[in-house]
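Everything on this sheet refers to the single structure shown next.
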Amino acid sequence: MESSQRRRRVEPTDEWEQIELLCGWPEQRDYELIRPMVLFGAPADGRSQETGESSGRTLRRKATRFEAEGMESLFGSESARRRRLPPAMRRLILDLKSEHPGLNPSEISRVCYVRFGRRPARKTVKRVLAEEPLP
């Protein structure tokens, strides 16, 4: 199956000016900024000098965030900005709701506080219950 629009072929390059011109989205450009640091361990200060962009410290923070959150860290979406609950806490919320259907989100939140020392908001508990199926 052949598409009606073909991508133009471009020779691979390491020149930042050329790469920047080829990037179609801001997220793609941000990824290309940190890619050598994440994949090859290039120093952040050297990369900031190559690109003439952010300081090395800013690039280091972006790379660290990328390693922690993955591709979502490049997007400004709500799902990328919110803190994620640890998997164990998410699992506890689902288990509590399936074992005790009468518990409301506030009560589940209190149980999480007793168990983990962190109290998720009621809205967060509701979102976890809506996002994932009960076991």
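Determine whether the range 98-114 contains at least one residue that is on the phi > 0 side of the Ramachandran plot, modelled with pLDDT of 85 or more and surrounded by fewer than 11 Cβ atoms within 10 Å (Cβ to Cβ). No - not one qualifying residue is present in the range 98-114.
For the subset of the range 31-43 comprising residues that are crowded, with 16+ Cβ neighbours inside 10 Å and within 20 Å of the chain's Cα centre (by Cα), which member is farthest from I19 (Cα to Cα)?
Initial filter on the range 31-43 (crowded, with 16+ Cβ neighbours inside 10 Å): 31, 33-34, 36-37, 42.
Add one more test, that the residue is within 20 Å of the chain's Cα centre (by Cα), and what stays is 31, 33-34, 36-37.
Working: Y31: 11, L33: 10, I34: 13, P36: 13, M37: 16 Å.
This residue is M37.
Among the residues examined, E53 qualifies as more than 21 Å from the chain's Cα centre (by Cα) and without any contact (Cβ under 8 Å) to a residue 60 or more places away in the chain.
If you check L92 against the conditions, is it buried (at least 17 other Cβ atoms within 10 Å of the Cβ), touching a Phe, Trp or Tyr at 6+ places or on another chain (Cβ under 9 Å) and within 19 Å of W16 (Cβ to Cβ)?
In short, no.
Of the candidates M89, M71, the single residue that is hydrophobic (A, V, I, L, M, F, W, C) and within 15 Å of V128 (Cβ to Cβ) is M89. Return a yes/no flag: does the range 61-71 have any residue that is at pLDDT 85 or above, over 30 Å from R84 (Cα atoms) and polar (S, T, N, Q). Within the range 61-71, none of the residues are at pLDDT 85 or above, over 30 Å from R84 (Cα atoms) and polar (S, T, N, Q). Does the range 51-62 include one or more residues that are in contact with a Leu (Cβ under 9 Å, 6 or more places away or on another chain), surrounded by 14 or more Cβ atoms within 10 Å (Cβ to Cβ), in the same structural domain as Q28 (by TED's automatic domain parsing) and of a type in the set (G, A, S)? Yes; the residues of the range 51-62 include at least one that is in contact with a Leu (Cβ under 9 Å, 6 or more places away or on another chain), surrounded by 14 or more Cβ atoms within 10 Å (Cβ to Cβ), in the same structural domain as Q28 (by TED's automatic domain parsing) and of a type in the set (G, A, S).
For the structure I just gave you, tell me whether L74 is of a type in the set (A, V, I, L, M), in contact with a helix residue (DSSP H, G or I) (Cβ under 7 Å, 6 or more places away or on another chain), outside the structural domain of V125 (by TED's automatic domain parsing) and in contact (Cβ under 8 Å) with a residue 40 or more places away in the chain. So L74 fits the description; yes. Filtering the range 63-75 to residues that are aliphatic (A, V, I, L, M) and surrounded by 18 or more Cβ atoms within 10 Å (Cβ to Cβ) leaves A63, L74. For the range 1-19, filtering for residues that are in a helix (DSSP H, G or I) and in contact with a Leu (Cβ under 8 Å, 6 or more places away or on another chain) leaves 0.
The values are calculated or read from the model by the stated rules, or taken from the named source; none is laboratory data. This is a predicted model, so every value here is computed, not measured. Backbone-built Cβ (ideal geometry, glycine too); neighbour counts: all protein chains shown.
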